[in-house]
Amino acid sequence: MLAVPITRLTQLLHDVRGCSICTGLPLGPRPLLQGSATSRILIAGQAPGRRTHESGIPFDDMSGKRLRSWLGIDRETFYDAGRIAILPMGFCYPGTGKSGDLPPRKECAPAWRDRLLQAMPGIELTVLIGSYAQRWHLGARCGRSLASTVSDWERFWPDLVPLPHPSPRNVGWLQKNPHVEQELLPALRRQVQVLLR
Ligand code: SF4
């Protein structure tokens, strides 16, 4: 019987899930990510929180609920790796500091990100959640603040879409930046529907 060939991405995902590069992770390594060679939309987030670390499911929290509503999709679609990839800037829960979750571990993106992205050639839309993902994916095109990058969203359209974090704590920020809910999110929902057809 012929052996089923292991694709480059399958091997990479296997390797990432066994990764222990970072020392000092408060709950140990538990990389949370999904994706396939056919994924068309990439969610580039920050890093798992404690709750999602414990459940083992990325965006399995209030932020995820809000993100799915921003994208106009249900849970089943969101977790369909054949269509949607989820690659945070750090795959493991980094711990919590005085003002919330710590930044994604800086070891993670250089170790894995380029190779994973190269193995996902079907990505047509990358949703950049928060400043870490925006700095990595936009490079010199990133604005001086998250607000300026997000307000400039049409510059990057339709391949890259910068967003604030969907945390309920950002309700005040969204009220001060009404163009996000009035213009950016409706355009994003339409684009997501086109890509998921
Ligand atoms: S955060 Fe990334 S580099 Fe660090 S242990 Fe987890 S998967 Fe490995």
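The values are calculated or read from the model by the stated rules, or taken from the named source; none is laboratory data. This structure is a prediction, so every number in the text was calculated from the model and none was measured. Here the Cβ is made from the backbone with ideal geometry for all residues, glycine too, and neighbour counts use every protein chain on show. Areas reflect the complete protein model, heavy atoms only, side chains present, ligands, DNA and RNA absent. Shrake-Rupley method; radii C 1.70, N 1.55, O 1.52, S 1.80 Å.
If only the Cβ of Lys and Arg carry +1 and only the Cβ of Asp and Glu carry -1, the dipole of the chain around its Cα centre is close to 240 debye.
Amide hydrogen proximity for Thr126: with H placed 1.01 Å from N in the peptide plane, the residues at 5 or more positions away or on another chain lying under 5 Å are Leu42, Leu160, Val161. For Glu76 and Gln182, FRET efficiency with R0 = 22 Å and r from the beta-carbon atoms, rounded to 0.05? Step by step, r from the Cβ atoms, then E = 0.20.
Ligands, DNA and RNA left out, the 1.4 Å accessible surface of the chain is 53% carbon and sulfur atoms. For segment 23-28, putting each phi into the Karplus relation 6.51 cos²θ - 1.76 cosθ + 1.60 with θ = phi - 60° gives couplings of 9, x, 5, x, 10, x Hz, in residue order, rounded to whole numbers and with x for Gly and Pro.
Probing with 1.4 Å while keeping every protein chain in the model, the per residue accessible area of the chain equals 52 Å². If you sort the three axes of the alpha carbon gyration tensor as a ≥ b ≥ c, you get a/c of 1.5 or more for the chain and a/b no higher than b/c, which makes it oblate.
Cα-based radius of gyration for segment 87-197, normalised by 2.2 N^0.38 Å, reads 1.12. Subtracting the Cα-Cα distance of Arg17 and Arg115 from 0.36 nm times their residue separation leaves 33.8 nm of extension gain.
Between Glu154 and Leu102, with labels modelled 7 Å along Cα→Cβ, what's the label distance in nm to one decimal, could you check? It is 4.2 nm.
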